[in-house]
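Trainee: The structure under discussion is supplied below as structure tokens; questions concerning it will follow.
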Amino acid sequence: MIREPLAQVLRRGQAEGPLRSDVPLECLLESLLALVGACLRSGSHLGEGAEDVSGTIVRLFVDGTRSSA
């Protein structure tokens, strides 16, 4: 259900340049979904709220997928 909208965003990011294109789209998508799950689990154990958890997800994913160009 959420996969296709996320895939569209990632695909557009790769096509337009902000996201690295040397990593297959499916790998980026699976990495994002795994990161979301891990951050939600660890954030709840640490008592973090939704904003803290979502900020962590964005920082980790965007910094790791940003194009070097």
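Trainee: Any idea which residue in segment 60-69 is modelled with the lowest pLDDT, counting only those that are surrounded by 11 or more Cβ atoms within 10 Å (Cβ to Cβ) and more than 24 Å from M1 (Cα to Cα)? So that I can check it myself, show each step before the final result.
Mentor: Here is the first cut: in segment 60-69, the ones surrounded by 11 or more Cβ atoms within 10 Å (Cβ to Cβ) are 60-62, 64-67.
In the following step, the residues that additionally are more than 24 Å from M1 (Cα to Cα) were identified as 64, 66-67.
Values: G64: 84, R66: 82, S67: 76.
Here the answer is S67.
Trainee: Being under 20 Å from Q8 (Cβ atoms) and either assigned to a helix (DSSP H, G or I) or over 9 Å from the mean Cα position of the chain (by Cα) (or both) narrows it down to one of V53, V23, so name that one.
Mentor: Only one candidate passes the filter, namely V23.
Trainee: Across segment 18-47, what is the number of residues that are loosely packed, with under 13 Cβ neighbours inside 10 Å and within 23 Å of M1 (Cβ to Cβ)?
Mentor: The number of residues fulfilling the criteria is 8.
Trainee: Now, a different point. Among A15, A50, which is the only one that is hydrophobic (A, V, I, L, M, F, W, C), modelled with pLDDT under 90 and surrounded by fewer than 12 Cβ atoms within 10 Å (Cβ to Cβ)?
Mentor: Sole residue among the options that is hydrophobic (A, V, I, L, M, F, W, C), modelled with pLDDT under 90 and surrounded by fewer than 12 Cβ atoms within 10 Å (Cβ to Cβ): A50.
The values are calculated or read from the model by the stated rules, or taken from the named source; none is laboratory data. Remember, predicted model here, so these are calculated numbers, not experimental data. Glycine also receives a Cβ, built like all others from the backbone with ideal geometry; neighbour counts cover every protein chain displayed.
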